[in-house]
């Protein structure tokens, strides 16, 4: 599993929101101009969310009036500061990152946007 620019934006949206719908995610990331574009982008987000659920990155939470809400799985996702240490004497703070531990896969990191 990899995180491209859209995936990183999706992760960052969950920082400020405990739970989100696919429509909220699609509208925030893509800002569609019409209903047709909105539906296409929403389907793209739903496809990614299904993959994330399968890999345990998010939970498919509450369903209100047939609308699914998604939440990050805090058991496998941690947030921390990435520090590069060179020869034990040079320390460079690279910023804040998500660290994602999916069983059977390499550890993933994704940047946190400070907007």
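The table below gives the values:
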item	result
Angle in degrees between helix 5-16 and the longest Cα principal axis of the chain, rounded to the nearest 10	90 degrees
Residue order, fewest to most beta carbons within 10 Å, for 90, 45	90, 45
Protection proxy ranking, peptides 74-80, 96-102, average beta carbon neighbours within 10 Å, highest first	96-102, 74-80
Percent of Cα pairs exceeding the 13 Å cut-off, where the set is segment 24-87	71 percent
Helix axis angle, 35-54 relative to the chain longest principal axis, alpha carbon, degrees	50 degrees
Kirkwood hydrodynamic radius of the chain, from inverse mean 1/r over distinct Cα pairs, in Å	15.4 Å
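Since every read-out is calculated from the coordinates, none of them should be taken as a lab result. Source: prediction; values computed, not measured. Glycine gets a Cβ as well: all are built from the backbone with ideal geometry, and neighbour counts include every protein chain shown.
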